[in-house]
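The values are calculated or read from the model by the stated rules, or taken from the named source; none is laboratory data. Quantities reported herein were computed from a predicted structural model and do not represent experimental measurements. Counting neighbours? That spans all protein chains shown, and the Cβs are built from the backbone with ideal geometry, glycine included. The accessibility values were calculated without ligands, DNA or RNA, using every heavy atom of the protein model including side chains. Shrake-Rupley method; radii C 1.70, N 1.55, O 1.52, S 1.80 Å.
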Amino acid sequence: MTDETGPSLAPALEMRGITKRYPGVVANDGINLQVRPGEIHALLGENGAGKTTLMNVLYGLATPDEGEILLDGKVVTISGPSDAIARGINMVHQHFMLVPVLTVAENILLGDETMANRIFLDRREAHRRIIELGRRFGFEIDPEAKVGSLSVGWQQRVEILKALYRNARILVLDEPTAVLTPQETDEIFGVLRRLAAEGHSIVFISHKLYEVLEIADRITVIRRGRVVGERLPSATDEDDLAALMVGREVQLTVDRGESHPAGVVLEVAGLEVRDDRGQPAVRGVDLEVRAGEIFGIAGVAGNGQDELVEAIVGLRKPAAGSVRLAGKDVTGHSPRMMNEDAVAYVPADRHRFGLILSFPLADNLVLTSYYRSPYARGIVRDPRAIQRDAVTSIERYDIRTPSATVRASTLSGGNQQKAVVAREFDRDLKLLVLDQPTRGLDVGSIEFIHHQVIAKRDAGTAVLLVSAELDEVLEMSDRIGVMFEGRIVAVVDGRTADKNAVGLLMATGGEERPPVPAATA
Ligand code: ATP
């Protein structure tokens, strides 16, 4: 192979001329990808560029219309995920596929055909192998720990262990850091480097350019289904990668300008909220957000942020406390009542609350307003008005889709998110509640959404922004509340806040305490 970018080794994986068409779109258009043994190969591309489709082809979930796959130089046909796994290809999904009530060992052994009948017989041996594999890659894990009790960072390690246990040689990680803290990300990178050093090949999909530059040996960029460039991290930078991905220059930092906060719009007092298991998740939160202000909540995922916003927008009944909107008590109001009071909500989990995936995109764009004018008169709907506005939103928010009539499920993850944002932003608002608004979005879309949020702020909307991306909270917020174990432990000025100080508050709540080990062998 011609090679100017690194040591010459036969690729462990080669995808040649892969083309995959869906009705109205060419998701992959003659893609070539080569991944060498021991290489961490990043796959970059804007939302809908075709990354997931390419990996689905590799995993046997989608059949390519053209092209071939070679493993160690030999052409193979991959008939489905179990065939892919048998050939040493494994996926670590972003939405973890683990069963929370089962132990680490049970999860790892689950679905492993070679063990199916011997699961009880080989338990001791399995435990030994799990501990040994963990140690080899730099972490110790208790095979008896319940997966539900582990942090997301450790759950991800269980996913990786599961792949290693099945002798995976090629690992695909689809946005593995989206739900991790910076420290957990560093730890996972340590694991990936060891994997590569032992000869595993890794395909790393991410929208975070600085991470790609840090971890990848090589980077392939795709745009609209085609490879548009290959780069070595040493010969590129964030601006170059962003421009290559999006096809234009992208402003990577937010220009938030001056804010002019006015009267209090949202007033939360003594709020207590329980999680799905009935445990206290929010333990007495007081906060105020003014018109024309962005109040950001920084915190490690799982410290009560989701329950807090769900109680504010009416999706969860508070156990105690009150929520007031522009002076009116709205505690316990339904989501529809909140919506009619000009409150918009972009949820963290767009599949649970944001979209009805089996409905057409156009219907999803009016999910919170289909029953009102101009989309309905009395009980009579006006499909033409729905269609017309859908076309406008698709254009304005650059939602990549062949049409407004396709089901929402066929959109790429990032484009589903843009659809939710388009629907929620498209009217005058008193309060805008955003939970992880840019998760999974490419740099161009993040830039666009940030501009829209600032425009809403400048139009006098009160904005409550929850994000696990500390940089996003720091760049966007006028004031920042740090949430830890269900409480807001500090409120700081967003323009002068120090990243390390906020990070420390997120990790400890401001108290000196020894770090808690996630699991021990
Ligand atoms: P993201 O970063 O947003 O996850 P992606 O690069 O992974 O994006 P894909 O999910 O591969 O993008 O989508 C590529 C294109 O293929 C999109 O236009 C999408 O709408 C289309 N597509 C993907 N799966 C299907 C399907 N099952 N049916 C129809 N169209 C599909």
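Miscellaneous remarks
- Of all residues in segment 409-435, those that are closer than 24 Å to Arg290 by Cα have Cβ atoms under 6 Å from Cβ atoms of residues that are assigned to a loop (DSSP other than H, G, I, E, B) and open to solvent by less than 10 Å² (accessible area, probe 1.4 Å), 6 or more apart or on another chain, in Ala422/Tyr397; Leu429/Thr461; Leu432/Thr461; Val433/Val313; Asp435/Pro347.
- Exactly one residue out of Val330, Val366, Val265 is open to solvent by less than 60 Å² (accessible area, probe 1.4 Å), at pLDDT below 95 and not aromatic (Phe, Trp, Tyr), and it is Val366.
- Residues of segment 339-352 that turn out to be open to solvent by less than 70 Å² (accessible area, probe 1.4 Å) and without any contact (Cβ under 8 Å) to a residue 60 or more places away in the chain, as a count: 2
- Every condition in (1) under 30 Å from Glu293 (Cβ atoms); (2) within 20 Å of the chain's Cα centre (by Cα) is met by Val250 except one, and the failing one is (2).
- Annotation: Gly148 fulfils all but one of (1) part of a helix (DSSP H, G or I); (2) at pLDDT 85 or above; the unmet one is (2).
- Among the residues of segment 35-87, the ones that are part of a loop (DSSP other than H, G, I, E, B) and away from the ligand (no atom under 16 Å from the Cβ) come to 10 in all.
- Filtered by the rule that a residue be touching a helix residue (DSSP H, G or I) at 6+ places or on another chain (Cβ under 6 Å) and within 16 Å of the ligand (Cβ to nearest atom), segment 177-203 gives Thr177, Val179.
- Selected residue (only one of Arg423, Arg396 is more than 16 Å from the ligand (Cβ to nearest atom), open to solvent by 20 Å² or more (accessible area, probe 1.4 Å) and within 20 Å of the chain's Cα centre (by Cα)): Arg423
- Look at (1) closer than 21 Å to Ala145 by Cα; (2) modelled with pLDDT of 65 or more; (3) of a type in the set (A, V, I, L, M, F, W, C) and you find that Phe120 fails only one, number (2).
- Hits in segment 346-403 (condition: outside any helix (DSSP H, G or I), farther than 27 Å from Asp442 by Cβ and charged (D, E, K, R)): Arg372, Arg377, Arg381, Asp382
- The sole residue among Asp382, Asp363, Asp389 that is away from the ligand (no atom under 16 Å from the Cβ) and within 25 Å of the chain's Cα centre (by Cα) is Asp363.
- Of all residues in segment 305-317, those satisfying the criterion of being open to solvent by less than 30 Å² (accessible area, probe 1.4 Å) and either touching a Ser or Thr at 6+ places or on another chain (Cβ under 6 Å) or not polar (S, T, N, Q) (or both) are Leu308, Val309, Glu310, Ala311, Ile312, Val313, Gly314.
- Across segment 201-226, the number of residues qualifying as more than 25 Å from Asn415 (Cα to Cα) and part of a helix (DSSP H, G or I) comes to 2.
- Pair list, Cβ under 8 Å, 6 or more apart: segment 359-376 residue in contact (Cβ under 8 Å) with a residue 24 or more places away in the chain, other residue among the aliphatic types (A, V, I, L, M) and open to solvent by 50 Å² or more (accessible area, probe 1.4 Å): Asn364/Ile356; Leu367/Ile356
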